[in-house]
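What follows is one structure encoded as structure tokens, with my remarks underneath.
Any read-out appearing in this document is the output of simple, stated calculations on the displayed coordinates, not a laboratory observation. Just so we're clear, the structure is a prediction, and the values are computed from it rather than from any experiment. Please note: Cβ atoms are built from the backbone with ideal geometry, for glycine as well, and neighbour counts cover all protein chains shown.
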Amino acid sequence: MSGPRSVAIDLVRVIAVVGVILRHTWYDPTKPVAMIVCPWAIAIFFVLSGYLWSHKRDVAQEARHRAAGLLVPYACWVALIAVPYFVWAYHEYTVGWATWLLMGVGYGGSFMVVPFSACWFFTVMFVAVVLLRWLERYPRWVTWAVVVASIAGTVVVPVVFRYGPLGSGLALPCLTFLVLGQELRRVRPRITQPLLAGLACLAVGAAAVLLGTPDDGTGQLLEIKQSMYGMPVLGILTGVVISFGLILVAESLDKVIPESAGAHVVRLASAATFVIFLHPCLLFIMGTPWSGGYLDFAVALIVPYALALVCLRMGWLPWLTGDQRSCAALVERILPRRLVSPKVQEPVG
């Protein structure tokens, strides 16, 4: 899907980023913030990727496009965080434990500790979207078969998804969010009352949360990074329904958002990559407890956004802000253009 940026979609992105910061600030699974936010804060990014899916790329083009937006910032941020963190870790811990933490960061995914809390998402998203693109060469039922098998896996042996390098195993359950996002796009023209439909989805999602679907029954909340999915099947679907609701409500408000406010929303959405990577570092430095804190949340929200907006305005640190043009130029040097099929022109954006 290409074209001008949608203020509605960018508004959803901003809400999702705020949700992630809320989740990381009030991490205690027994508290209401975690229960409310955990079903959708990560799921919505995958649902949005499916909702905005373009069918104009082949696998190689998809890999290049996503490497620019996901892997370049990932590599740069991990390196930037790792240097001071492991200087501190080797001083604070035993050599053996610090080395174990270093190996975990290198392996990625579920094994990345604070302050690398959000890094896993970028590699998992990369694997998930490239996998979905690869599945497009087969009939649609094959994709659905993979989705059903993955959901079954979250019920029977969820732990197995944790152990893939760079969180690659987690891409299989996350494929569900991508595919259902595609399905929302497919039926979207038939939804003539998006506000009512969106509010209905949010009401259903809220009811599901009250009924405890984010909890697996043993006190463990839905936590994709740790391959925990709440109540079997229903935990995942709760995140999908809430994501649908946020998208539909935002789109219904698109035309009433003032142009000046819309411009600010777009800028905030453009800062998402920088904010997602930086805020766990600040929470780590502040020593934020699981019970959270309003000051900690304010710092983790405002400081990264302020720095990101300055960098974007000045054109500074483009590999850290996820500037698509600069990151794509780096990918161009690493992955020769000849690896991309000449039969399909890569779309802009």
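Things worth noting here:
- Estimated distance in nm for a label pair at residue 183 and residue 267, the labels positioned 7 Å out from Cα along Cα-to-Cβ: 4.0
- Net charge of Cβ neighbours under 12 Å - reference residue 194; Lys, Arg +1; Asp, Glu -1: +1
- Prolate/oblate/rounded label for region 1-84 (Cα gyration tensor, a/c 1.5): oblate
- Computed from point charges on the beta carbon alone (+1 for Lys and Arg, -1 for Asp and Glu), the dipole magnitude for region 7-334 about its Cα centre is near 800 Debye.
- Based on Cα contacts under 8 Å between residues 6+ apart, the chain shows a relative contact order of 32 percent.
- Bridgeable aspartates and glutamates around residue 255 (alpha carbons under 15 Å apart, same-chain partners fewer than 8 residues away excluded): 10.
- Straightening the chain between residue 113 and residue 79 buys 10.8 nm, computed as 0.36 nm per residue apart minus the Cα-Cα spacing.
- Listed peptides 306-313, 14-21 appear in the order 14-21, 306-313 once ranked by packing, highest mean of other Cβ atoms within 10 Å at the front.
- Neighbour net charge for residue 14 - beta-carbon separation under 13 angstrom, K R +1, D E -1: +2
- Projected label points at residue 134 and residue 88, each 7 Å from Cα along the beta carbon direction, are separated by 3.7 nanometres.
- Each peptide among 82-90, 273-281 gets the average number of other Cβ atoms lying within 10 Å of its residues, and from highest to lowest they stand as 273-281, 82-90.
- The trypsin sites (Lys or Arg not before Pro) of region 95-188 meeting both criteria, a DSSP state outside H, G, I, E and B (loop) and at most 10 other C-beta atoms within 10 angstrom of the site's C-beta, are 137.
- For residue 229, neighbours were defined as the other residues whose beta-carbon sits under 14 Å from its Cβ, and their charges (Lys and Arg +1, Asp and Glu -1) total -1.
- Tensor-based shape of the chain (alpha-carbon gyration tensor, a/c under 1.5 rounded, otherwise prolate or oblate): rounded
- Each Lys and Arg Cβ is given +1 and each Asp and Glu Cβ -1; about its Cα centre, region 191-314 then shows a dipole of about 280 debye.
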